[in-house]
Amino acid sequence: MGADIVTVSTDTQFVHLAWQKSEKELANVRYTMAADPTGNVSRMFGVYNEGNGLDLRGTFLINPEGTLLNMEMNFYNVGRNIDELMRKFKANIYVAKKTNEVCPSKWKDEGDKTLVNPGAKMVGKVHEALQGA
Amino acid sequence: MAETMTASVKLGQKVPDFEMVTYEPTKGDFGKFSMRDQIASKRWTILFFYPADFTFV
């Protein structure tokens with residue numbers, strides 16, 4: 001896919017191993033499972049809950065230069081949408097290549113409508129730009 | 001209510017270096033993840049935090 005997916009919880013690597021081997025839903029897992037038992041990395045990203053020692057559902061996209069480009073955080077009872085994560089990932093890769101374009105909210109994949117050179121001429125005219133006028 | 005600390009990472013800024021011990025399901029072995037290795041090998045990274053193993057993610 002072009003990105004290294006690393007899942008993180010405050011469990012140890014030993015628990016990650018035991019979970020991956022016992023849970024059949026995880027039989028085909030290929031991503032790295034990282035251990036943050038001290039919570040230090042989780043604190044750095046603001047997802048560590050001091051009240052119970054567990055992480056919130058946070059997702060962070062970091063580019064090859066180490067710059068944080070995207071973050072999303074959900075409370076415990078709502079899961080994340082992998083399609084939206086992939087959309088944001090593709091959009092970030094796209095604008096990294098095409099630095100004079102931006103991806104509007106409905107952009108899903110290469111070939112979809114982007115806004116080119118957003119600037120003074122586009123102020124108040126975003127609708128027309130999106131229509132290709 | 002969740003008692004979280006304010007994140008020290010900021011959108012659009014470099015993430016400070018850190019490392020974590022890992023379990024690598026493809027190798028069935030333990031390993032190491034670090035931000036500096038990711039930068040050295042020019043890799044995109046998606047960090048996916050969740051509350052606990054043995055629960056839904």
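The values are calculated or read from the model by the stated rules, or taken from the named source; none is laboratory data. Just so we're clear, the structure is a prediction, and the values are computed from it rather than from any experiment. Because the Cβ atoms are built from the backbone with ideal geometry, glycine has one as well, and the counts that use them run over all protein chains shown. The area values use the complete protein model at the heavy-atom level, side chains included, leaving out ligands, DNA and RNA. Shrake-Rupley method; radii C 1.70, N 1.55, O 1.52, S 1.80 Å.
Look through the range A:43-70, keep the residues that are polar (S, T, N, Q) and more than 7 Å from chain B (Cβ to nearest Cβ), and return whichever of them is most open to solvent (accessible area, probe 1.4 Å). Give the steps one after another, and end with the answer.
Step one: filter the range A:43-70 for residues polar (S, T, N, Q), giving A:49, A:52, A:59, A:63, A:67, A:70.
Keeping just the survivors that are more than 7 Å from chain B (Cβ to nearest Cβ) gives A:52, A:70.
Details: A:ASN52: 78, A:ASN70: 33 Å².
The selected residue is A:ASN52.
For the subset of the range A:27-42 comprising residues that are under 26 Å from A:ASN70 (Cα atoms) and more than 7 Å from every other protein chain (Cβ to nearest Cβ), which member is least open to solvent (accessible area, probe 1.4 Å)?
Residues of the range A:27-42 that are under 26 Å from A:ASN70 (Cα atoms), as a first pass: A:29-42.
From the residues that got through so far, the ones that are more than 7 Å from every other protein chain (Cβ to nearest Cβ) too are A:31, A:37-40.
On the way: A:TYR31: 75, A:PRO37: 80, A:THR38: 83, A:GLY39: 0, A:ASN40: 94 Å².
This residue is A:GLY39.
For the range A:1-16, how many residues are in contact with a Leu (Cβ under 9 Å, 6 or more places away or on another chain), open to solvent by less than 30 Å² (accessible area, probe 1.4 Å) and at the interface with chain B (Cβ under 7 Å from one of its Cβ atoms)? Let's see the steps before the verdict.
Start the filter on the range A:1-16 by keeping residues that are in contact with a Leu (Cβ under 9 Å, 6 or more places away or on another chain), which leaves A:3, A:5-10.
Keeping just the survivors that are open to solvent by less than 30 Å² (accessible area, probe 1.4 Å) gives A:3, A:6-10.
Cutting the leftovers down to at the interface with chain B (Cβ under 7 Å from one of its Cβ atoms) gives us A:3, A:6-9.
Qualifying residue count for the region: 5.
Please give the strands (runs of 3 or more DSSP E) falling wholly within the range A:28-111 in which 3 or more residues are within 24 Å of B:PRO25 (Cβ to Cβ). Write out each step before concluding.
Working: elements: A:32-35, A:57-62, A:68-74.
Fully inside the range A:28-111 and qualifying: A:32-35, A:57-62.
Can you tell me which residue among A:MET122, A:MET73, A:MET86 is open to solvent by 70 Å² or more (accessible area, probe 1.4 Å) and among the aliphatic types (A, V, I, L, M)?
Details: A:MET122 fails: open to solvent by 70 Å² or more (accessible area, probe 1.4 Å); A:MET86 fails: open to solvent by 70 Å² or more (accessible area, probe 1.4 Å).
Unique residue meeting the criteria: A:MET73.
Got a number for residues in the range A:67-109 being within 14 Å of the chain's Cα centre (by Cα) and either of a type in the set (Val, Ile, Thr) or within 23 Å of A:ALA35 (Cβ to Cβ) (or both)? Explain how you work it out, then say what you get.
First, pick out the residues of the range A:67-109 that are within 14 Å of the chain's Cα centre (by Cα): A:67-74, A:79-93.
Among the residues that remain, those that are also either of a type in the set (Val, Ile, Thr) or within 23 Å of A:ALA35 (Cβ to Cβ) (or both) are: A:67-68, A:71-74, A:79-80, A:82, A:85, A:93.
Counting residues in the range A:67-109 that are within 14 Å of the chain's Cα centre (by Cα) and either of a type in the set (Val, Ile, Thr) or within 23 Å of A:ALA35 (Cβ to Cβ) (or both) gives 11.
Test each condition in (1) part of a loop (DSSP other than H, G, I, E, B); (2) over 14 Å from the mean Cα position of the chain (by Cα) for B:PHE30 and report the one that comes out false.
Single failed check for B:PHE30: (1).
Within the range B:17-39, which residues are exposed (fewer than 12 other Cβ atoms within 10 Å of the Cβ) and either within 7 Å of another protein chain (Cβ to nearest Cβ) or in contact with a strand residue (DSSP E or B) (Cβ under 9 Å, 6 or more places away or on another chain) (or both)? I'd like the intermediate steps shown before the answer.
First, pick out the residues of the range B:17-39 that are exposed (fewer than 12 other Cβ atoms within 10 Å of the Cβ): B:26-29, B:36.
Matches in the range B:17-39: B:THR26, B:ASP29, B:ARG36.
Take the range A:60-77 and flag every residue that is at pLDDT 95 or above and either hydroxyl-bearing (Ser, Thr, Tyr) or outside the structural domain of A:THR7 (by TED's automatic domain parsing) (or both).
Residue satisfying the conditions is A:THR67 alone.
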